[in-house]
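Structure record follows, encoded as structure tokens.
The values are calculated or read from the model by the stated rules, or taken from the named source; none is laboratory data. Please read these numbers as outputs of a predicted model, since none were measured by experiment. Note that we place each Cβ from the backbone using ideal geometry, even for glycine, and neighbour counts take in every protein chain shown.
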């Protein structure tokens, strides 16, 4: 039983260009697919290679010691020779998993609220002639700008 | 006996009354009820409305005539009678006193210079001061002549501009004749036009009275300056830093000249603006100046609006002169400022009311006609729809607010006199924001009730509805049911554009766009922050995204948003949408329209790219 490394309200996030990075690594091991090939497989209901890698990467990044089983998983899923599977696992660790970040929903909410905070400050400035303390804003219980957290 | 007589009198009166009115009706179509309703009550009401129109027209004409007559009187040679500016009892009396005082100061100056020479004080510069003192001793006796020269020069220019010191004799008559060209057979339209004419008349009255007051001020201040001219001249012999402690600014050589020349010149500036405005008014009235009149439903208002131009010109003139006056006489500047504000407010209110109602009527008529036609009730239905729409457009708060908004936005474009751009929005935003604060504690049920309130008639009610919608939008609680009155609420501060960014599938159509346009109009970051998670479960919203938006959601979006996108990673849903795009591309190819083909191809390619990324992106696993 794999144990998640994520706390409540946390998730693993990869950067925007992650699919390109994965694609470059896959190409080295003869696993790359064109868009048309992917779409064809999808229309037939088959799993695509990139989807398999994405799932492996996501699992490895979000479970405790997930990267340790990477070699075996890759070998089994892609039927690669040991040497290639080892090398592929290593590259995933070094080039892909290293990009993974644990982010909390709080952080996401903060990103959203930064912009709103500015407008709130502008408003307060006009109304009271002074800026509110940011700390007091963060501690506000009725922070309507934060995204609700489930 | 008396009772019987009364009955006879009443019966006789009734017969006489009917006898007068009945012959005007066709015997076949005669119906006592419709006769009472349409002819007696209708004509009585129309009579009152015509009478009111007449009162407004008379009052407007009276005000305009009074204002113009006042100014004509003030600038005419008769105003001062046979008394000249530099030779009248007040000036003569005052000037004699100040001249004697100036002579005393000359003696004082001599003493000061003498002491300076004895004590060897260089700063009194006796060699330079004595010739100057002698010159001033001579000149102070001729100050009325010197002042007279400058005043006469400015008056000559003024008189040249004002055509011999009078307004055109027929100015008022010509303007009223121009207004009479706005021929109205409908009493209600006539009442409205005359009401607006009254407001313009009042603004014109204010403008002319202000100019009249300015010229009166000019006479008075020039008198005062002439009276104190000997003191100003004698002040020139003293070193200025010492003088400042003794003489007020007004008496000092340089300041005196500055004020004297300003008051002389003010008359020229004012005369110039009066000349332009008068020419424009006469030109507009006699149709020799071609300010084009609007077509369609605004046509009858064209003549009235044309008079806004000369009025604006007059107020610009007042504003320019006011700035000069303010520097010289703060009190006078403030009085002029208040009167000017009242005048501008009157012009604004008049034009706002007129355009508000006209725009409302026009918009209502269009909608009414369209609905009439849609309901398939033929020409009669269309006419009825048009009339009802016009009435409702002018009568509803939304129609009037749209008109007022149009006018205010137009006024904001007027340089110099118009309010700052964005004032209208800022005011409305402020009011709606205040209402939002008040309603913020309400729950969704109550807010829904306010948002769906169809009984709203007043501006306040509309602002409340807009505020309720804004709160619902902030909470992400807008849905199909509570967005029925979005269009109306937009006029009162509901930010539908922002709401559409959050809920494009619900709101895009209501702001005249489609989901694709709204989504494409946002950059990836704005899209991620604005979009509601429910929208990301919508395949149309998904298909409207581009790759960067999808990747932005994957990398930085909340779990809710990512989970929403993940629900779409469903073969059937994606296949169906892809098939739809392929069918559209095939249809476009059949039409052989290269633009349509390119668009359809781009949509299909974009969708395929999104699908590929969704499958291979670990953020969506």
Only one of B:49, B:22, B:91 is at pLDDT below 70 and either in a helix (DSSP H, G or I) or surrounded by 11 or more Cβ atoms within 10 Å (Cβ to Cβ) (or both); which? B:22
Select, from B:553, B:463, the only residue that is within 14 Å of chain A (Cβ to nearest Cβ), surrounded by 21 or more Cβ atoms within 10 Å (Cβ to Cβ) and assigned to a helix (DSSP H, G or I). B:553
The lone condition residue B:548 fails out of (1) surrounded by fewer than 16 Cβ atoms within 10 Å (Cβ to Cβ); (2) over 26 Å from residue B:500 (Cα atoms); (3) at the interface with chain A (Cβ under 9 Å from one of its Cβ atoms) is (2)
Tell me, which residue of segment A:47-106 that is surrounded by fewer than 15 Cβ atoms within 10 Å (Cβ to Cβ) and touching a strand residue (DSSP E or B) at 6+ places or on another chain (Cβ under 8 Å) is nearest to residue B:609 (Cα to Cα)? A:101
Pick out the one residue from B:525, B:427, B:498 that is part of a helix (DSSP H, G or I) and closer than 30 Å to residue B:322 by Cβ. B:427
Please work out which one of (1) closer than 24 Å to residue B:540 by Cβ; (2) under 32 Å from the mean Cα position of the chain (by Cα); (3) at pLDDT below 90 is the condition residue B:479 fails and give its number. (2)
Give me the pairs, please: first residue somewhere in segment A:51-67 and without any contact (Cβ under 8 Å) to a residue 24 or more places away in the chain and facing chain B (nearest Cβ under 7 Å), second residue anywhere and buried (at least 19 other Cβ atoms within 10 Å of the Cβ) and in a helix (DSSP H, G or I), beta-carbon distance under 9 Å, and either six or more positions apart or on two chains. A:51/A:38; A:51/A:42; A:51/B:615; A:51/B:616; A:55/B:618
Taking residue A:40 as the residue in question, decide whether it is closer than 29 Å to residue B:576 by Cβ, surrounded by fewer than 19 Cβ atoms within 10 Å (Cβ to Cβ), within 14 Å of chain B (Cβ to nearest Cβ) and without any contact (Cβ under 8 Å) to a residue 24 or more places away in the chain. yes
Is it the case that some residue within segment B:505-521 is within 14 Å of another protein chain (Cβ to nearest Cβ) and in contact (Cβ under 8 Å) with a residue 24 or more places away in the chain? no
For segment B:407-430, give me the residue count where each residue is buried (at least 17 other Cβ atoms within 10 Å of the Cβ) and modelled with pLDDT of 75 or more. 1
Among (1) away from chain A (no Cβ under 13 Å); (2) assigned to a helix (DSSP H, G or I); (3) touching a residue at least 12 places away in the same chain (Cβ under 8 Å); (4) more than 21 Å from residue A:19 (Cβ to Cβ), residue B:543 falls short only on (4)
What number of residues within segment B:562-620 are surrounded by 14 or more Cβ atoms within 10 Å (Cβ to Cβ), free of Cβ contacts under 8 Å to residues at least 12 places away in the same chain and facing chain A (nearest Cβ under 9 Å)? 4
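Just wondering, is there one or more residues in segment B:282-293 that are farther than 29 Å from residue B:111 by Cα, assigned by TED's automatic domain parsing to the domain that holds residue B:91 and at pLDDT 70 or above?
Looking through segment B:282-293, at least one residue is farther than 29 Å from residue B:111 by Cα, assigned by TED's automatic domain parsing to the domain that holds residue B:91 and at pLDDT 70 or above.
Per-residue answers, yes or no, for (1) modelled with pLDDT under 90; (2) closer than 25 Å to residue A:48 by Cα:
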position	(1), (2)
B:512	yes, no
B:531	no, no
B:546	no, yes
B:551	no, yes
B:587	no, no
B:597	no, no
B:621	yes, yes
I'd like to know if segment B:512-523 contains one or more residues that are surrounded by fewer than 21 Cβ atoms within 10 Å (Cβ to Cβ), within 26 Å of residue B:552 (Cα to Cα) and within 31 Å of the chain's Cα centre (by Cα). yes
